[in-house]
Every structure is written in structure tokens, then in C-alpha cells.
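Everything below concerns the one structure shown next.
Quick note: the coordinates plus some simple rules give every number you see, no bench work behind them. These numbers were taken from a predicted model, which means no experiment stands behind them. Every residue, glycine as well, gets a Cβ built from its backbone with ideal geometry; the counts of neighbours run over all protein chains shown.
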Amino acid sequence: MWRRVASVSHLTFAHNSTVNKNACTFKCWEAFTTEIPRKEKTTYQTAKTPFITFVLGGPGSGKGTQCMKIVENFGFTHLSAGDLLRREIASNSADGIMILNTIKEGKIVPSELTIKLIQKEMESSDNYKFLIDGFPRSEDNRKAFEQIFGAEPDNVLFFDCPEDEMVKRVLNRNQGRVDDNIDTIKKRLKVFTALNLPVVNYYLEKGKLYKINGVGTVDEIYKQVHPVFSTFNFENQFCSEVLC
Ligand SMILES: Nc1ncnc2c1ncn2[C@@H]1O[C@H](COP(=O)(O)OP(=O)(O)O)[C@@H](O)[C@H]1O
Ligand SMILES: Nc1ccn([C@@H]2O[C@H](COP(=O)(O)OP(=O)(O)O)[C@@H](O)[C@H]2O)c(=O)n1
Ligand SMILES: [Mg+2]
């Protein structure tokens with residue numbers, strides 16, 4: 001029988017990443033000593049190192065839709081940067097108006113703000129597998145994430161979809177979003193090409209990018225996505241050190 005004894009602000013990042021322990025959260029679990037005698041070796045099950053996937057693609061390329069399927073099949077926690085920003089607007093926070101105006105213009109919200117929202121979600125999660133959807137949307141987003149978290153993603157999905165298909169999907173999305181109109185979509189597509197594609201190329205050069213053809217049915221597209229995750233043995237992704 002296991003019980004959670006600590007949830008402190010450290011997440012240990014992937015084995016191949018620089019570790020900034022102050023940025024994150026880990027959970028440790030300890031056996032009830034009354035019920036299970038302590039063994040010589042260790043009685044601790046250490047936290048699993050976070051597994052981070054960035055999910056990139058233009059507006060309407062299907063990021064959110066495919067993330068839902070990855071969640072169902074692989075138990076990831078889905079963090080959509082856009083959803084977190086919209087939640088911030090809805091909560092009437094001090095930054096709400098600025099975020100709303102930025103989204104209406106199809107521009108990028110200051111990186112520190114978006115990262116703070118992502119970080120908060122990760123710290124309060126019991127999970128260690130995260131899909132970070134719609135982030136990083138610029139080189140500034142990417143560099144700020146690396147600086148603040150001291151870590152890089154384990155892998156990056158990129159949904160490659162022609163503009164006319166993306167426009168069609170966004171205009172039919174019907175979620176009442178302030179940016180799902182033709183004027184804002186045109187601006188978002190320009191921002192995507194100018195600011196997000198350099199991030200895609202950065203991860204391509206690093207060998208971390210999985211380019212997915214974003215045209216086809218949801219299931220056809222997911223058939224390309226599934227093998228990206230089925231090759232990982234998540235169960236063995238433990239911390240390399242004893243943390244508590
Ligand atoms: N393969 C697909 N074919 C047709 N429509 C799709 C497909 N994938 C997603 N959609 C629809 O397109 C819209 C945009 O998808 P979404 O997942 O929200 O994209 P993104 O998060 O990249 O903006 C949604 O209404 C969604 O239901
Ligand atoms: N990293 C991010 C992600 C989104 N955003 C803003 O939020 C908007 C909507 O993002 P989203 O990811 O929900 O959009 P979709 O690609 O899902 O259509 C973007 O157009 C940006 O204005 C941002 O500023 N920075
Ligand atoms: Mg989305």
C-alpha cells in the first residue's frame with residue numbers, strides 16, 4: 001500500500017535535459033512502514049521524469065483534436081496554451097484584457113505569461129506526461145521555456161496542413177472564439193509562417209520533430225500519430241536519483 005507523502009515544487013526533467021529543479025514539481029511515494037517493512041535497498045518509489053511533447057501546427061491544423069486521442073490512448077495531460085489564455089480572460093485576471101486584445105489580433109501573448117500558466121498546471125498535476133499544445137509559437141516562446149524550465153521537450157509533433165484546409169476548419173469550428181473569423185485567421189496564418197515555422201525548423205534540425213500529414217480523416221491522421229508514442233516505454237521513465 002502506498003501513500004503520497006510529498007508534493008513539492010520540483011519536477012525532474014527528462015534524462016537528456018538540463019535540470020532546473022526549482023522550476024518544477026515532483027511527487028514522491030512512501031510505503032507505510034507499519035504495513036510494509038523497510039527493505040535495505042530502498043522503500044521509495046521515486047517520481048517519474050516528466051515526458052513533454054510540444055504540439056505544433058497552424059490554426060485549425062487539428063492539434064487539439066489529435067491531442068484528445070493521445071490523451072485517451074496514452075494517458076497524457078493535455079495543456080492547450082490557447083485554452084489556458086482563454087481561461088485567464090474568462091477569470092477577469094489583471095492580464096485578461098491584454099490577452100484578449102492580443103488574441104483578437106492573432107498576435108503572441110508575452111512568453112513569460114503563457115509559461116507561468118503552463119507551469120502552474122504542470123505543478124498541480126499528478127501526471128508526468130504532458131502534451132503542450134500550441135506552444136512554443138515563436139522562438140521567443142521556445143527560448144523562454146528553455147530558460148525557465150531548464151529543459152527541452154522529449155519530442156515535437158507538427159501537423160502539416162494546407163492553408164485553405166485550415167481556414168475551412170477554423171471557420172466551421174463553432175466554438176464562439178473571438179479569433180475564428182476570416183480577418184483574424186489571415187493574421188494568424190501570417191504569424192504562424194513568420195514566427196512558428198522557425199520553431200518547427202529548429203526541432204527538425206534537432207531531430208525531435210515528427211511531421212504529420214494533417215490532411216485526411218481524424219482517424220487517418222491519428223494512425224500517423226500513434227506510433228510516435230507507442231515506441232516509448234513510459235513505465236520505465238523513473239528519476240535517476242532518490243528524491244525523498
Ligand atoms: N482531420 C480533420 N478533418 C476535418 N476536420 C477536422 C479534422 N481535425 C479536426 N477537425 C476540425 O477542425 C477544427 C479545428 O480543429 P482543432 O483540433 O481545434 O485544431 P487546432 O487546435 O490545430 O486549431 C475543429 O472544428 C475540428 O473538429
Ligand atoms: N503560445 C501561445 C499560444 C496561443 N496564443 C494565443 O492564443 C491564440 C489561440 O491559440 P490556440 O492554440 O488556441 O489556437 P489554435 O491553433 O488551436 O486555433 C493564438 O492565436 C495566440 O493569439 C499565444 O499568444 N501564445
Ligand atoms: Mg487548438
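Only sites in a loop by DSSP and with at most 13 other Cβ atoms within 10 Å count here; which chymotrypsin sites (Phe, Trp or Tyr not before Pro) in the stretch 116-156 make the cut? Could the numbers behind the result be given before it?
Details: sites: 128, 130, 145, 149; in loops: 128.
Nothing satisfies the criteria.
Label-point separation (nm) for residue 77 and residue 228, each offset 7 Å from Cα along Cα-to-Cβ?
With each label placed 7 Å out from Cα toward Cβ, I get 2.0 nm.
Would you please give the residues with an amide H less than 5 Å from that of residue 57, counting only those at least 5 places away or on a separate chain, with H modeled from the backbone geometry?
It is 159, by chain and number.
Using 24 Å as the Cα-Cα cut-off, could you pick out the over-long pairs in 69/211; 129/186; 69/168; 116/211; 48/107? Write down the numbers at each step before the final one.
Details: 69/211 17 Å; 129/186 33 Å; 69/168 22 Å; 116/211 28 Å; 48/107 35 Å.
Check vs 24 Å cut-off fails for 129/186; 116/211; 48/107.
Fewest Cβ neighbours within 10 Å first, please rank 209, 157 accordingly. Before the final figure, lay out the partial values.
Values: 209 19, 157 26.
Final ranking by Cβ density, sparse to dense: 209, 157.
Let's see if you can work this out: charge +1 on each Lys and Arg Cβ, -1 on each Asp and Glu Cβ, no other charges. What is the dipole magnitude of the stretch 51-242 about its Cα centre, in debye to the nearest 20?
Numbers: 24 positive and 27 negative charges, 111 e Å.
With only Lys, Arg, Asp and Glu charged at Cβ, the dipole is about 540 debye.
Starting from the 7 Å offset along Cα-to-Cβ, what nm value, one decimal, do you get for the label separation of residue 90 and residue 206?
3.1 nm
Suppose every Lys and Arg Cβ carries +1 and every Asp and Glu Cβ carries -1, with no other charges. What dipole size does the stretch 119-233 come out with about its Cα centre, to the nearest 20 debye? It would help to have the intermediate numbers written out before the result.
Working: 17 positive and 19 negative charges, 47 e Å.
About 220 debye.
Can you put 71, 109 in order of Cβ neighbours within 10 angstrom, beginning with the fewest? Provide the component values of the computation, followed by the final result.
Values: 71 15, 109 22.
Exposure proxy ranking, most exposed first: 71, 109.
Go through 161-169, 56-64 and give me the packing order, highest mean Cβ count within 10 Å leading.
Working: 161-169: 15.9, 56-64: 24.2.
Per-residue mean Cβ counts within 10 Å order the peptides as 56-64, 161-169.
Kindly state, as a whole number, the per residue volume in cubic angstrom of the convex hull around the alpha carbon atoms of the stretch 55-182. Could the numbers behind the result be given before it?
Numbers: hull volume 15.1 nm³, N = 128.
Looking at the stretch 55-182, the number lands at 118 Å³ per residue.
In nm, what is the difference between 0.36 nm times the number of residues separating residue 126 and residue 68 and their Cα-Cα distance? Display every interim value, and only then the final one.
Working: separation 58, 0.36 × 58 = 20.88 nm, distance 1.83 nm.
My answer for the length gained is 19.1 nm.
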